[in-house]
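The values are calculated or read from the model by the stated rules, or taken from the named source; none is laboratory data. Note that the structure is a prediction, hence the values are computed from the model and not measured. Counting neighbours? That spans all protein chains shown, and the Cβs are built from the backbone with ideal geometry, glycine included. The accessibility values were calculated without ligands, DNA or RNA, using every heavy atom of the protein model including side chains. Shrake-Rupley method; radii C 1.70, N 1.55, O 1.52, S 1.80 Å.
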Amino acid sequence: MKKNIILLLAMFTMIMLAGCQAITGESRELKLAHNQSLDHPIHLSLVEFGRLVEEKSNNELTVKIYANGQLGSEREVIELTQTGAVDVAKVSASALEGFESDYSIFSLPYVFEDYEEFEIVMNNDEITDQLYYQTENIGFIGLTYYNAGTRHLYTKDKEVTSLEEMRGLKVRVQPSQTSVRMVEALGGIPTPMAYGEVYTALQSGVIDAAENNETALVGNNHGEVAKYYMYTGHQIVPDMLIMNAERFEHLTDEEKEIVKEAAVESTMYHEGIWTETIEEFTVIAKERMGVEFVDVDKSIFIEAVQPLHKEYAANEKTRDIYQLIKGGTLSE
Ligand code: GCU
């Protein structure tokens, strides 16, 4: 009899706990979404993030990853993160521009001299704290950034090394107003579209070109349908790890620290595998897919986007960060 009562009490407690979890949405699993393939370096770094969260929390918190855009395009996944249907997401800073204009600076072509300058900005806590918490009122915060390389132009079937050759070229861009303006400034016809649609759009001729880091050629097989990769180096856009603000708020203080630490450590892990992957993928694209890599004189392209820079330097919302980057006053 006594045993039965204990059993009943235990069951009652479990049901009550499950009920509370359902009401507050506090399952101990974090649902993480991203749009890259399983062999992409970012997937490996997100797996590392999950591993670190689980290890540091003694499996109190777990991370389940939904890769390959299973839960939708980056835009859709940002919306799901706002509502809390997704807890954590890896999305490009360009896709975030439509939600918070502070992110637009990353899509401004040639805003960074090189990757070192970009890194100094991303490791400046004053800049990133402001950026990461700016979106709290629209439902999510930033946890960390990941190196997503330098973006270059690639076409189906022709070399493009001048503005004349850019003219009329239909170029897929990320859903970012600044990227649209960039292609317009270069004389092309911008076509914003979700990443998952680019392969078919190139193949069918809906677009003539796209632009991305080298992983797109191999990790997403674009090298099968695009045979010229021009080193234009027009953007250095980070990938961002964002989290539903309320979900983060409901974590204990210790768990908040764990999530933040795991995020930063996974960024370092990612740095460690990125360069090697780019080298490896470039060889595969050249040798197995027959992609031709072409050097270009960037100065023509830099010159063509200067009107955009002038706008950023004058715009109230962007001028501070623009001056900070271009003024050369940031140090490591
Ligand atoms: C990069 C980036 C992705 C993004 C993609 C794109 O690969 O890492 O997050 O979706 O560019 O061009 O859409």
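So, Gly196, is that one surrounded by fewer than 16 Cβ atoms within 10 Å (Cβ to Cβ) and touching a Gly at 6+ places or on another chain (Cβ under 6 Å) or not? Please lay out each step first, then the result.
On the way: surrounded by fewer than 16 Cβ atoms within 10 Å (Cβ to Cβ): yes; touching a Gly at 6+ places or on another chain (Cβ under 6 Å): yes.
Yes, satisfied.
Matching residues to (1) within 16 Å of the ligand (Cβ to nearest atom); (2) touching a Phe, Trp or Tyr at 6+ places or on another chain (Cβ under 7 Å); (3) open to solvent by 50 Å² or more (accessible area, probe 1.4 Å):
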position: Ile42; (1), (2), (3): yes, yes, no
position: Arg51; (1), (2), (3): no, no, yes
position: Ile65; (1), (2), (3): yes, no, no
position: Gly72; (1), (2), (3): yes, no, no
position: Thr83; (1), (2), (3): no, no, yes
position: Ala95; (1), (2), (3): yes, no, no
position: Ser104; (1), (2), (3): yes, no, no
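Considering only segment 171-190, I want to know if a residue exists there that is closer than 20 Å to Glu292 by Cα and at pLDDT 95 or above.
If we filter segment 171-190 for residues that are closer than 20 Å to Glu292 by Cα, which is where we start, we get 171-172.
Those still in the list that are at pLDDT 95 or above too: 171-172.
Scanning segment 171-190 turns up at least one residue that is closer than 20 Å to Glu292 by Cα and at pLDDT 95 or above.
Could you tell me how many of the residues in segment 146-162 are out of contact with any Gly (no Cβ under 8 Å at 6 or more places or on another chain) and within 11 Å of the ligand (Cβ to nearest atom)? Give the steps one after another, and end with the answer.
Within segment 146-162, the subset out of contact with any Gly (no Cβ under 8 Å at 6 or more places or on another chain) is 146-149, 153-155, 157-162.
When the remaining residues are screened for being within 11 Å of the ligand (Cβ to nearest atom), the result is 146-149.
Qualifying residue count for the region: 4.
Give just the number: which of (1) surrounded by 15 or more Cβ atoms within 10 Å (Cβ to Cβ); (2) over 18 Å from the mean Cα position of the chain (by Cα); (3) closer than 20 Å to Leu251 by Cβ; (4) not β-branched (Val, Ile, Thr) does Met166 not satisfy?
Condition (3) is where Met166 drops out.
When you look at Gly196, is it within 16 Å of the ligand (Cβ to nearest atom) and assigned to a helix (DSSP H, G or I), yes or no? Give the steps one after another, and end with the answer.
Values: within 16 Å of the ligand (Cβ to nearest atom): yes; assigned to a helix (DSSP H, G or I): yes.
Criteria met by Gly196.
Could we say that Met240 is in a strand (DSSP E or B), within 12 Å of the ligand (Cβ to nearest atom) and within 29 Å of Glu113 (Cα to Cα) here? It would help to see each step written out before you state the result.
Numbers: in a strand (DSSP E or B): yes; within 12 Å of the ligand (Cβ to nearest atom): yes; within 29 Å of Glu113 (Cα to Cα): yes.
Considered against the rule, which asks whether it is in a strand (DSSP E or B), within 12 Å of the ligand (Cβ to nearest atom) and within 29 Å of Glu113 (Cα to Cα), Met240 comes out as yes.
Out of all the residues in segment 313-323, is one or more polar (S, T, N, Q) and either assigned by TED's automatic domain parsing to the domain that holds Pro109 or open to solvent by 20 Å² or more (accessible area, probe 1.4 Å) (or both)?
So in segment 313-323, the residues polar (S, T, N, Q) come out as 315, 318, 323.
Add one more test, that the residue is either assigned by TED's automatic domain parsing to the domain that holds Pro109 or open to solvent by 20 Å² or more (accessible area, probe 1.4 Å) (or both), and what stays is 315, 323.
Yes, that holds for at least one residue.
For segment 219-234, does any single residue satisfy the condition of being in contact with an Asp or Glu (Cβ under 9 Å, 6 or more places away or on another chain), away from the ligand (no atom under 16 Å from the Cβ), farther than 18 Å from Val305 by Cα and touching a residue at least 12 places away in the same chain (Cβ under 8 Å)?
Yes, some residue in segment 219-234 is in contact with an Asp or Glu (Cβ under 9 Å, 6 or more places away or on another chain), away from the ligand (no atom under 16 Å from the Cβ), farther than 18 Å from Val305 by Cα and touching a residue at least 12 places away in the same chain (Cβ under 8 Å).
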